[in-house]
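Participant: Here's a structure for you.
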Amino acid sequence: MLPDGDGADLLAWLRGGERTRTVPVLLLTAAARESAHLADGVLTRVLRKPFDLSEYNAALSALTSH
């Protein structure tokens, strides 16, 4: 949990900014409901906790290869 909102709020803020709109985002969440609606295309990956290191590394590699 973030102090002033949640992952959806942060993602909306990032996507609303001209300079941050295309910043790759890797969201780590324990909330199943967030996983389904937060992924907004190729630049955002959502990993649901618990995840293993290989999953994390694969997601990070996919984001940084664009």
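The values are calculated or read from the model by the stated rules, or taken from the named source; none is laboratory data. In this text the structure is predicted, and so the values were computed from the model without any measurement. Cβ atoms come from the backbone with ideal geometry, glycine included; neighbour counts cover every protein chain shown.
Participant: Quick check on this structure: which one of 14, 38, 2 is on the phi < 0 side of the Ramachandran plot, modelled with pLDDT under 85 and in contact with a strand residue (DSSP E or B) (Cβ under 9 Å, 6 or more places away or on another chain)?
Facilitator: 38
Participant: Right, here's the next one. Just to be sure I understand, how many residues within the stretch 1-16 are of a type outside the set (A, V, I, L, M) and either under 11 Å from the mean Cα position of the chain (by Cα) or surrounded by 11 or more Cβ atoms within 10 Å (Cβ to Cβ) (or both)?
Facilitator: Residues in the stretch 1-16 being of a type outside the set (A, V, I, L, M) and either under 11 Å from the mean Cα position of the chain (by Cα) or surrounded by 11 or more Cβ atoms within 10 Å (Cβ to Cβ) (or both): 6 in total.
Participant: I'd like to verify a number: residues in the stretch 10-33 that are among the polar types (S, T, N, Q), in a loop (DSSP other than H, G, I, E, B) and in contact (Cβ under 8 Å) with a residue 12 or more places away in the chain, how many?
Facilitator: 1
Participant: Name every residue in the stretch 18-32 that is at pLDDT below 90 and surrounded by fewer than 10 Cβ atoms within 10 Å (Cβ to Cβ), in order of residue number.
Facilitator: 32
Participant: Another one. Only residues that are surrounded by 11 or more Cβ atoms within 10 Å (Cβ to Cβ), modelled with pLDDT under 90 and more than 12 Å from the chain's Cα centre (by Cα): list them for the stretch 41-66, please.
Facilitator: 62
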